[in-house]
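Chemist: Below are the structure tokens for one structure; questions will follow.
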Amino acid sequence: MLGDMDDRRQADLPWAHAPLALRILAAVIIAVPAFLMGGSLAGARGVAVGAILGLFWGGLGVLVAVFPVRLQRWSRDQPLFAPALTFGVLLFGLLFLTNMATSIAVFFSLVIAGVFAFISVGRHRRSVPPEPTRTARGRRHS
């Protein structure tokens, strides 16, 4: 299906070619709510978990704002990129939306992201194109 497509283009993001100063300003504007979100979870779930989630969402916001083309390339070329995102999103969802204990939420997030990483790495290894073979030189018969 979609994994079999070879000719993929980069998305045309309006801020990808903006001046660096504007992209950094956008990154700061995006990162501040992420750190506030991490701080709000730190009170209920612990400082370490709040810091990890704040840094995850803040770092992701900075990458999206400052390096959007590189982020798209990573999402396509790095097999562990999607599982790392899965871990952060799933952990935040479990901590924010459930009353599950923090250690159990971290465990479930790691297990699910680990299974996804195992699948992604296996799929990436199978999809690496072989090196092109050289045709044998010689006379052509018509």
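The values are calculated or read from the model by the stated rules, or taken from the named source; none is laboratory data. Everything quoted here is computed from the prediction, not taken from an experiment. All Cβ positions, even for glycine, are placed from backbone atoms using ideal geometry, and neighbour counts span all protein chains on display. Just the protein is used for accessible areas: all its heavy atoms, side chains included, with ligands, DNA and RNA removed. Shrake-Rupley method; radii C 1.70, N 1.55, O 1.52, S 1.80 Å.
Chemist: Do you know which residues across the range 70-92 are in contact with a helix residue (DSSP H, G or I) (Cβ under 8 Å, 6 or more places away or on another chain), open to solvent by 80 Å² or more (accessible area, probe 1.4 Å) and not basic (Lys, Arg)?
Modeler: Selection gives TRP74, LEU80.
Chemist: Pull out all pairs, ordered by first then second residue, where Cβ-Cβ is under 8 Å, the residues are six or more apart or on different chains, the first lies in the range 19-34 and is touching a residue at least 24 places away in the same chain (Cβ under 8 Å) and over 17 Å from GLY59 (Cβ atoms), and the second is assigned to a helix (DSSP H, G or I) and open to solvent by less than 80 Å² (accessible area, probe 1.4 Å).
Modeler: From the range 19-34, the pairs are LEU20/VAL66.
Chemist: Check whether at least one residue in the range 10-20 is buried (at least 18 other Cβ atoms within 10 Å of the Cβ), modelled with pLDDT of 85 or more and assigned to a helix (DSSP H, G or I), and report yes or no.
Modeler: No - not one qualifying residue is present in the range 10-20.
Chemist: Could you list all residues from the range 114-140 that are closer than 28 Å to ARG76 by Cβ, open to solvent by 70 Å² or more (accessible area, probe 1.4 Å) and at pLDDT below 75?
Modeler: Once the filter is applied, which keeps residues that are closer than 28 Å to ARG76 by Cβ, open to solvent by 70 Å² or more (accessible area, probe 1.4 Å) and at pLDDT below 75, the range 114-140 yields ARG125, ARG126, SER127, VAL128, PRO129, PRO130, GLU131, PRO132, THR133, ARG134.
Chemist: It is to be established whether one or more residues within the range 94-113 are modelled with pLDDT under 85, closer than 18 Å to MET37 by Cβ and either open to solvent by 90 Å² or more (accessible area, probe 1.4 Å) or not in a helix (DSSP H, G or I) (or both).
Modeler: Yes, some residue in the range 94-113 is modelled with pLDDT under 85, closer than 18 Å to MET37 by Cβ and either open to solvent by 90 Å² or more (accessible area, probe 1.4 Å) or not in a helix (DSSP H, G or I) (or both).
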